[in-house]
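Okay, structure first, notes after.
Bear in mind that the values in this text are calculations on the coordinates, not laboratory data. Note that the coordinates shown come from a computational prediction; the quantities given were computed from them, not determined experimentally. Ideal geometry is used to build each Cβ from the backbone, glycine not excepted, and the neighbour counts take in all protein chains shown.
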Amino acid sequence: MKRMIGVVMAGGRGGRLYSLTNQRAKPAVFFGGKYRIIDFIMNSFVNSGIGNIIVLTQYLSQSINDHMSHFWISNPLYGQYINTVNPQYKTEFNVRYEHTADSVYQNMDRINCGDFDTVAIFAGDHIVKIDVRQVKAYHESKEADFTVIAVPVPVSEASGAFGVIEVDEESRIIGFVEKPLKPKEIPGRPGWCFASMGNYLADVKYLQDILYLDAKNKASSHDFGHDIISLILKKGDKIYAYDFSLNKVSGQKLIYWRDVGSTRAFWEANMELKDPSPAFSLYGKDWPLRSVPDSTPPAKITLGGEFKDSLISGGCIISGGSVRDSVLSPNVFVDKNAEVSECVLFPNVVIGEGARLRMVIVDEGVTIPSGVSIGFDREEDERRGFTVKDEPEILVVPKHYVF
């Protein structure tokens with residue numbers, strides 16, 4: 001039986017999300033109350049039957065290491081492992097990974113250590129559900145050397161925003177351009193193009209050979225999108241695009257993939273979760289979404305407190321305050337007469353009596369003093385340093401900020 005190993009690329013800094021990643025890696029950022037961003041691709045791997053996973057870390061790696069060690073652990077009794085790997089000091093390599101392809105190349109010895117014939121290489125910083133078994137079946141049906149997972153996007157939205165894949169009528173890739181102003185359309189689907197999701201499937205032996213060729217090229221940046229796809233096209237090898245819209249996951253009715261690469265995109269993705277019929281559902285027994293189990297008590301609403309259209313995690317107490325259209329992580333306290341609207345609150349946040357917050361992301365461990373307002377006075381918010389460059393609508397209170 002052919003076996004598949006998973007590789008999660010979790011070393012990115014998430015520069016555009018710096019307001020939340022200056023003290024943690026982007027995949028370790030809290031999302032949806034009780035999850036970390038990396039949990040979603042980990043669940044996709046596990047729910048797809050992939051029991052052997054390598055997580056490649058680099059930027060602020062301890063934030064990922066801590067999270068993985070608390071829940072995503074190996075099961076040696078069944079020959080399954082989840083290994084978190086920082087850059088290794090080897091004489092033939094740089095101390096750090098240069099780019100995505102280089103991070104995988106430096107760890108090919110780990111990929112080759114078992115009887116795996118296929119490797120799934122996915123970004124660890126996307127919000128998505130994907131059944132990798134369906135991608136593998138497609139990859140094998142095409143007898144492909146390398147498969148790129150792509151999402152159909154309107155040409156008007158893709159222009160200047162995504163890496164775009166050009167395909168023929170059989171979905172064989174014939175070109176790739178990073179953020180073109182005039183994306184090539186999908187044959188037979190006018191007005192639509194394929195955007196690369198930065199997720200790949202490859203035969204292990206082929207991957208080793210192509211990464212070795214790339215490693216020898218000193219002019220290469222050693223990036224999958226920029227260099228590896230171009231090298232495969234130049235060699236004339238079999239590289240195909242898999243249409244993500246064809247991937248069916250139980251309980252997920254709509255196609256959903258979010259990069260959450262900016263503060264606004266992150267806030268919007270959280271706000272979508274509290275809709276009555278969200279585009280991305282956290283609920284469903286057939287496709288469970290796991291994370292670190294906690295021992296928090298049930299959430300409590302007391303002393304006339306109220307909440308509406310919100311996600312409230314364990315350990316939260318709304319004690320006479322009001323929470324609307326918001327997402328609360330574990331152990332958040334909202335005191336009497338406080339008002340929280342369209343906010344994302346990370347763990348262990350305290351909202352003092354009479355405080356008011358609107359369209360704010362509050363990082364963990366912050367206490368908002370009584371009577372403080374955020375999101376109502378632009379000059380005051382700027383003075384406190386809560387505004388985000390180029391994204392003026394969304395405010396961020398940094399981790400452990402002291403008023």
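Rounded to the nearest 10 degrees, what's the angle between the helix 204-216 long axis and the longest principal axis of the chain, both from Cα atoms, 0 to 90?
Long axis of 204-216 versus the principal axis of the chain: about 90 degrees.
Using the Cα atoms of the stretch 1-131, I'd like the radius of gyration and the largest Cα-Cα distance, Dmax, both in angstrom.
Every Cα atom of the stretch 1-131 included, Rg and Dmax give 14.4, 46 Å.
Report the longest stretch of the chain that contains none of the GluC sites (Glu not before Pro) sitting in a DSSP loop with at most 10 other Cβ atoms within 10 Å.
Answer - 171-403.
Using the alpha-carbon atoms, what tilt in degrees (0 to 90, nearest 10) does helix 263-273 show relative to the longest principal axis of the chain?
So the inclination is approximately 80 degrees.
Report the Cα centroid-to-centroid distance between the stretch 268-294 and the stretch 32-50 in angstrom, as an integer.
That distance is 11 Å.
Can you give me the P(r) profile for the stretch 294-397? Cα pairs, bins 10 angstrom wide beginning at 0, each as a whole percent.
Pair shares across the bins are 17, 53, 25, 5, 0.
Would you mind computing, in nm to one decimal, how far apart the modelled labels at Gln88 and Ser69 are, each placed 7 Å from Cα along Cα→Cβ?
If labels sit at Gln88 and Ser69, their model points lie 1.9 nm apart.
Relative contact order, percent, of the stretch 152-203 when contacts are C-alpha pairs under 8 Å separated by at least 6 residues? Write down the numbers at each step before the final one.
Working: 94 pairs, mean separation 21.7, N = 52.
After rounding, I find 42 percent.
Which angle between 0 and 90 degrees, to the nearest 10, do you get for helix 132-141 versus the longest principal axis of the chain when only C-alpha atoms count?
Tilt of helix 132-141: around 20 degrees.
Can you pull the Kirkwood radius for the stretch 169-268, inverse mean 1/r over Cα pairs, to one decimal in Å?
Evaluated on the stretch 169-268, it is 16.0 Å.
To the nearest 20 Debye, how big is the dipole of the stretch 294-397 about its Cα centre, given +1 on the beta carbon of each Lys and Arg and -1 on that of each Asp and Glu?
320
Work out from phi, with θ = phi - 60° and the Karplus expression 6.51 cos²θ - 1.76 cosθ + 1.60, the ³J(HN,Hα) of each residue of the stretch 381-388, listed in order in whole Hz, and give x for Gly and Pro.
Listing the rounded values in order: 5, 5, 4, 7, x, 8, 7, 10 Hz.
Once you have the Cα-Cα distance between Leu303 and Asp117, take 0.36 nm times their residue separation minus that, and quote the gain in nm to one decimal.
Separation in residues times 0.36 nm, less the Cα-Cα distance, equals 61.0 nm.
Short version: ³J(HN,Hα) in whole Hz for each residue of the stretch 239-244, in order, from phi by Karplus 6.51 cos²θ - 1.76 cosθ + 1.60 (θ = phi - 60°), x for Gly and Pro, what are they?
These are the phi-based 3J(HN,Hα) values: 10, 10, 9, 9, 7, 4 Hz.
In debye to the nearest 20, how big a dipole does the stretch 4-267 give about its Cα centre with +1 on each Lys and Arg Cβ and -1 on each Asp and Glu Cβ? Write down the numbers at each step before the final one.
On the way: 28 positive and 28 negative charges, 171 e Å.
Dipole size: approximately 820 debye.
Hey, can you grab everything whose amide H is under 5 Å from the amide H of Val55? Only 5+ residues off in sequence or another chain; H modelled, so Pro and N-termini drop out.
Close amide H contacts, sequence-distant or interchain: Val8, Asn83, Thr84, Val85.
Using each residue's phi in the stretch 104-118, evaluate 6.51 cos²θ - 1.76 cosθ + 1.60 at θ = phi - 60° and report the 3J(HN,Hα) Karplus result to the nearest Hz, with x for Gly and Pro.
Values, residue by residue: 6, 4, 5, 10, 5, 4, 6, 5, 7, 6, x, 8, 9, 10, 10 Hz.
Hey, which of these cross-link pairs are over 27 Å Cα-Cα: Lys205/Lys235; Lys136/Lys235; Lys205/Lys234; Lys179/Lys399; Lys34/Lys129?
Lys179/Lys399
Could you work out the helix-only [θ] at 222 nm for the chain, with each DSSP H run of four or more residues adding -39,500 (n - 2.57) and the total divided by the number of residues, to the nearest 500 deg cm²/dmol?
The helix contribution divided over the chain gives -5500 deg cm²/dmol.
Where the centroid of each part is defined by its Cα atoms, how far is the stretch 117-157 from the stretch 170-222 in Å?
Between the Cα centres of the stretch 117-157 and the stretch 170-222 lies a distance of 11 Å.
Below 8 Å, C-alpha to C-alpha, sequence gap of six or more: please give me the relative contact order for the chain in percent.
Relative contact order for the chain comes out at 14 percent.
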